[in-house]
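Worksheet: one structure, shown below.
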């Protein structure tokens, strides 16, 4: 027990970032770069102080189309003057969507 907060990183990240996290936290890295299954994620949520999820899923045209269809529907009537990001959370992490 290091006394540092325990942080779990869900996927492989660049080595310099891993080094900095290791310096600051009691960090569990995902060196095999395998996605967590539901049970693994539940365990992390129960036992870790923090989780650093990474976005690795491809963004499809169907997902963008579904968002556009929703925004064009009566169900989105109350949404005005908003930017709706369809990027699987990249904007929230301050990242650009990687090229296809």
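Laboratory data are not the source of any read-out in this text; all were calculated from the coordinates shown. Quick caveat, the model's predicted, so the values are computed rather than measured. We place every Cβ from the backbone using ideal geometry, glycine too, and count neighbours over all the protein chains shown.
Beta carbons within 10 angstrom, averaged per residue: use that to sort the peptides 71-78, 60-67, highest first.
Output ranking for 71-78, 60-67: 60-67, 71-78.
Could you line up 45, 52, 36 from fewest to most neighbouring Cβ atoms inside 10 Å?
Ordered from fewest to most neighbouring Cβ atoms within 10 Å, 45, 52, 36 come out as 45, 36, 52.
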